[in-house]
Amino acid sequence: MRVLAAMSGGVDSAVAAARAVDAGHDVVGVHLALSRMPGTLRTGSRGCCTIEDASDAWRACEVLGIPFYTWDFSERFQTDVVEDFVAEYAAGRTPNPCLRCNEKIKFEALLDRAIELGFDAVATGHYARVDRGPDGRVQLHRAADDAKDQSYVLAVLREDQLEHCLFPLADTPSKDLVRAEAAERGLSVAQKPDSHDICFIPDGDTRGWLAERIALEPGPIVDADGVELGTHAGAQAYTVGQRKGLAIGRPAPDGKPRFVLEVRPKENTVVVGGRELLDVDRITAIRPSWAGAPLPEDATGAWFDCDLQFRAHGEIVPARARVVRTPADRTSADRSPAAEAGDDVVAWEIEPTHPLRGVAPGQSAVLYRDTRVLGQATIDTARNARLAAGTGA
């Protein structure tokens with residue numbers, strides 16, 4: 001096949017490209033310039049897509065003997081990832097920029113251009129597996145190495161996109177083996193630290209970064225009964241489950257810590273309460289997509305058994321789910337044309353077998369069956385049984 005290898009400048013993408021070459025494919029390397037600050041420098045394992053990363057990607061392609069190009073996707077990245085990230089926080093939600101980057105940049109903008117140029121597939125260093133089901137249709141599965149599995153952030157990929165995805169690291173049992181292979185191949189990135197945190201916030205100070213882009217105003221901190229306890233510096237700077245930074249000034253009646261239960265940006269209010277009020281027993285998630293063929297229950301709205309994961313490398317819990325149609329005015333996060341037109345919105349209703357803690361609107365709910373990724377949707381509402389009992393919901 002003609003394969004376009006996405007070269008981030010890290011060890012995973014370098015080894016993935018090398019394996020694609022070994023498999024006999026006609027491989028071309030491409031590095032995506034995503035930063036609008038071309039002089040950006042990398043600091044240890046913080047940040048990615050820097051000038052050093054571009055140089056490391058070029059050197060890897062030199063060793064592999066394949067062509068190398070740099071494509072400027074910075075404008076698209078700014079709009080679809082960075083501005084989306086700011087807008088979601090401004091609306092009181094907790095987004096996942098890595099998932100959005102995979103959806104909009106690496107497997108939409110990049111894949112679309114690759115297909116236009118005559119490539120058969122895009123290869124990346126992600127740890128996930130593409131396979132065929134009994135019906136011959138493509139499926140997305142977890143990688144062999146659970147610790148490095150990245151299927152959660154790839155769950156946004158549709159069946160037509162998965163047909164053109166190549167993940168050469170899928171069956172590698174550990175990252176140490178990838179590094180050892182890179183060293184044997186003479187790749188200078190063999191011991192390069194993995195990037196972590198949010199790539200466009202390399203110092204890790206998300207609150208400080210957001211404060212420069214969102215107009216934060218003081219407002220009330222209230223308990224679950226609406227009693228005002230203190231003042232915050234800006235509701236959008238908080239997220240569900242947060243404990244630090246509340247500065248209420250007086251302890252709870254029971255002496256236990258308080259946590260953020262809800263962020264209400266329209267009211268500029270932060271709701272706090274005890275840890276037990278973070279427990280969630282029902283989730284409604286909007287804008288769902290299937291990673292492969294939909295389940296038969298998609299058409300009937302019947303409950304189906306699955307496993308749920310709602311944060312990258314987070315807990316995986318048994319659950320049941322069903323497809324529902326929800327009036328648009330009941331989904332606070334949906335900004336689709338359907339919502340604007342007043343039509344029903346397709347959503348997933350998910351019930352875990354035991355309560356979950358720290359579920360926030362804006363996170364992605366990814367459903368699995370064994371190792372197979374069924375699909376994903378964006379969490380819109382998360383119900384706490386105790387609070388619901390008090391309000392009659």
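Here the simple spin-label model places points 7 Å from the Cα toward Cβ, and for Met1 and Asp84 these points are separated by 2.4 nm.
Out of the total accessible area of the chain (probe 1.4 Å, heavy atoms of protein only), what percent is carbon and sulfur? Answer for the chain is 49 percent, counting heavy atoms of protein chains only.
Our summary gives the chain a relative contact order of 16 percent, counting only alpha carbon pairs under 8 angstrom and 6 or more residues apart.
Accessible area per residue was computed with a 1.4 Å probe on protein heavy atoms; Trp58 scores about 120 Å².
Overall, the anisotropy analysis places the range 8-155 in the oblate class: the square-rooted eigenvalues a ≥ b ≥ c of its C-alpha gyration tensor yield a/c not less than 1.5, with a/b not exceeding b/c. If I compute semi-axes √(5λ) of the Cα gyration tensor in Å from the structure I just sent, which labelled value in [x] 36, 22, 20; [y] 88, 24, 14; [z] 38, 25, 19 lines up? Computed from the coordinates, semi-axes √(5λ) of the Cα gyration tensor in Å corresponds to [z]. Solvent-accessible surface of protein heavy atoms, probed at 1.4 angstrom with all chains present, puts Met1, Met7 in the order Met1, Met7, largest first.
Using 0.36 nm per residue and subtracting the Cα-Cα separation, the extra length available between Trp58 and Asp22 on full extension is 11.1 nm. Stretching the chain fully between Val324 and Asp370 yields a gain of 14.2 nm (0.36 nm per residue, less the alpha carbon separation).
When only Cα pairs below 8 angstrom with a gap of at least 6 residues are kept, the range 98-203 shows a relative contact order of 26 percent. So in the chain, what percent of DSSP beta bridges are antiparallel if you round to the nearest 5? Just about 75 percent of them are antiparallel. What residue among Leu64, Leu110, Leu229 has the largest mean-square fluctuation in a Gaussian network model of the chain, using Cα springs under 10 Å? Of Leu64, Leu110, Leu229, the Gaussian network model singles out Leu229 as fluctuating most.
In terms of the mean number of neighbouring beta-carbon atoms within 10 Å, the peptides 237-246, 303-312, 375-384, 217-226 order highest first as 375-384, 303-312, 237-246, 217-226.
Taking Ser188, Ser364, Ser289 as the candidate residues, the one with maximal mean-square fluctuation in a Gaussian network model of the chain, Cα springs under 10 Å, is Ser188. Across Arg132, Arg76, the residue with the most accessible area heads the list, and the full order at a 1.4 Å probe is Arg132, Arg76.
Protein-only accessible surface at a 1.4 angstrom probe places the residues Lys266, Lys148, Lys175, Lys256 in the order Lys266, Lys256, Lys148, Lys175, largest first. Distance between the C-alpha centres of the range 1-37 and the range 79-151: 15 Å, rounded to the whole angstrom. With contributions of -39500 (n - 2.57) from each DSSP H run of at least four residues, the per-residue ellipticity at 222 nm computed over the chain stands at -5500 deg cm²/dmol.
Does anything in the range 349-364 have its amide N under 19 Å from the 7 Å Cα→Cβ label point of Lys256, and if so which residues? The answer is 354-359. The residues of the range 130-204 present an accessible area of 47 Å² per residue when probed at 1.4 Å with all protein chains retained.
Full-extension gain between Asp131 and Arg185, please, as 0.36 nm times their residue separation minus the C-alpha to C-alpha distance. Length gained, Asp131 through Arg185: 16.7 nm.
The values are calculated or read from the model by the stated rules, or taken from the named source; none is laboratory data. Quick caveat: nothing in here was measured; it's all calculated off a predicted structure. Reconstructed Cβ throughout: ideal geometry from the backbone, glycine too, with neighbour counts over all protein chains shown. Accessible surface is based on the protein model in full, side chains and every heavy atom, while ligands, DNA and RNA are left aside. Shrake-Rupley method; radii C 1.70, N 1.55, O 1.52, S 1.80 Å.
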